[in-house]
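Some notes on the structure that comes next.
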Amino acid sequence: MHTSLKLISAVALIALSAPALAQEDAIDAPLAPEDILGLTLGEVVDDGTLRPGQAFTREEFGDWLLRCLHDPDGPDPCQLYQLLEDDDGNPVAEISMFPLPDGGRAAAGATIVAPLETLLPEQITISVDGGAARRYAFTFCNIGGCVARVGFTPEEVDQFKAGRTATMRVVPAAAPDQEVVLTISLSGFTAGFTSVGEQEPQ
C-alpha cells in the first residue's frame, strides 16, 4: 500500500477506535473530535507588544491625537492628528500636522486626506476663525483617498495656535455646484504641536 494511504488509514483507524476507548474510560464525558485526534486549537497571544510600523495613540490634546508609528530601532515618529466629520458625525477627511526644522519658509507640514471622487481642480481651502482662506492643491490619490501635502508658514501656525476653529472646504466631483465644509477644532492644538516638536529628531 502506498505510504500516504497507510497514513490516512492509520488516522482513520485512530478516529474509529478512539470513541470505544473513550467510552471505556469516561462513559459520561464523550470526547470531541479534536480531543480524540489530540488536536490543539491554540490560543490568542496578546501581550501588548507593538509590531514594527504599527500605529498607536500616545497622548490626547483636546480634539487632537498624538499618533505615532512604532519603530523598534529608534524613536517613534509622531504627528498631530484629527479626524474630520460632517454635521451627521460621519468621518469625511483627516489631517496630520508636524513641525519642520528651522530655515525654511514652512514651519509645519501637513498631510490632508480627502475622500475619493473629490473634484481635484477645486483643491482644498482652509481658513482660521473666518479669516482669509488659502488654497492648496492635491498631490496624489490612492485607495485611501486624495492626498494634499502642504506647508504652513510660521504666521499660519500662529493662527492655528491662537484660533478656535478652522474650516476646510472641498468640492465633490458628483456635485460640483456644492461644497463640503468641515470644521477643524483647534482645541489642544498648541499643546499638541509643542509636544510633537519636543519629540526626538526623526
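Restricting the search to the range 69-86, which residues are over 24 Å from residue 156 (Cβ atoms) and within 13 Å of the chain's Cα centre (by Cα)?
Selection gives 69, 70.
Quick check: is even one residue across the range 185-198 exposed (fewer than 13 other Cβ atoms within 10 Å of the Cβ) and at pLDDT 95 or above?
Scanning the range 185-198 turns up no residue that is exposed (fewer than 13 other Cβ atoms within 10 Å of the Cβ) and at pLDDT 95 or above.
Please find, within the range 137-152, the residue that is most open to solvent (accessible area, probe 1.4 Å) out of those that are closer than 18 Å to residue 92 by Cβ and of a type in the set (Val, Ile, Thr).
So, considering only residues that are closer than 18 Å to residue 92 by Cβ and of a type in the set (Val, Ile, Thr), the one most open to solvent (accessible area, probe 1.4 Å) is 143.
Here's the yes/no breakdown for (1) under 19 Å from the mean Cα position of the chain (by Cα); (2) surrounded by fewer than 16 Cβ atoms within 10 Å (Cβ to Cβ):
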position	(1), (2)
43	no, yes
49	yes, yes
55	yes, yes
60	yes, yes
67	yes, no
88	no, yes
97	yes, no
102	no, yes
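Please go through (1) within 24 Å of residue 62 (Cα to Cα); (2) open to solvent by less than 20 Å² (accessible area, probe 1.4 Å) for residue 118 and return the number of the only condition it doesn't satisfy.
Residue 118 satisfies every listed condition except (1).
Among 180, 150, 171, 128, which is the only one that is touching a residue at least 24 places away in the same chain (Cβ under 8 Å) and touching a Leu at 6+ places or on another chain (Cβ under 6 Å)?
171
When the range 12-35 is examined, which residues are found to be at pLDDT 75 or above and either of a type in the set (A, V, I, L, M, F, W, C) or surrounded by 11 or more Cβ atoms within 10 Å (Cβ to Cβ) (or both)?
Across the range 12-35, the qualifying residues are 30, 31, 32, 35.
Assuming residue 182 fulfils every condition listed in (1) closer than 30 Å to residue 103 by Cβ; (2) open to solvent by less than 20 Å² (accessible area, probe 1.4 Å); (3) of a type outside the set (S, T, N, Q) apart from one, which condition is it?
(1)
The values are calculated or read from the model by the stated rules, or taken from the named source; none is laboratory data. Here the structure is a predicted model, which means the values were calculated and not measured. Note: ideal-geometry Cβ built from the backbone for every residue, glycine included; neighbour counts use all protein chains shown. These area figures cover heavy atoms from the full protein model, side chains too; ligands, DNA and RNA do not enter into them. Shrake-Rupley method; radii C 1.70, N 1.55, O 1.52, S 1.80 Å.
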